[in-house]
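Working notes, structure below.
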Amino acid sequence: MKEYRLESTPAVELDIEAAFEWYEREEFRLGFEFLDDLRDAYVRILNHPLAYQSLRSGIRRALTRRFPLCHLLFDSRRSDCDSRRSSYGARS
């Protein structure tokens, strides 16, 4: 079985940081709950990358469980599961 690892672009990291800050402003500790949910989604992606909806040419979409407006797009053809884009509906 192919072993995967997850990498993200600087733009994804900035999106995560912005979402964390937004959730923390909304409610104390909610940003940390968001990060926990995101971490859980990453683990699920790494364990079963082909289980997610295929959008096109190996690009797949995964959602977090508690924060459904968080979309994680990744390339399942690559062993590094490149996290190409993330989008969050929770923005001010």
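Derivation of every value follows stated rules applied to the coordinates shown; laboratory data play no part. Note that the structure is predicted; figures quoted are calculated from it, not measured. Virtual Cβ from ideal backbone geometry, glycine too; neighbours counted across all protein chains shown.
Please find the FRET efficiency linking Arg29 to Arg78, where r is the Cβ-Cβ separation and R0 is fixed at 41 Å, and quote it to the nearest 0.05. Don't jump to the answer; show the numbers that get you there.
Values: r = 34 Å, r/R0 = 0.84.
Computed FRET efficiency for Arg29 and Arg78: 0.75.
What does the extension gain come out to for Ser54 and Arg5, with contour length at 0.36 nm per residue minus their alpha carbon separation? Provide the component values of the computation, followed by the final result.
Details: separation 49, 0.36 × 49 = 17.64 nm, distance 1.86 nm.
Between Ser54 and Arg5, full extension yields 15.8 nm more.
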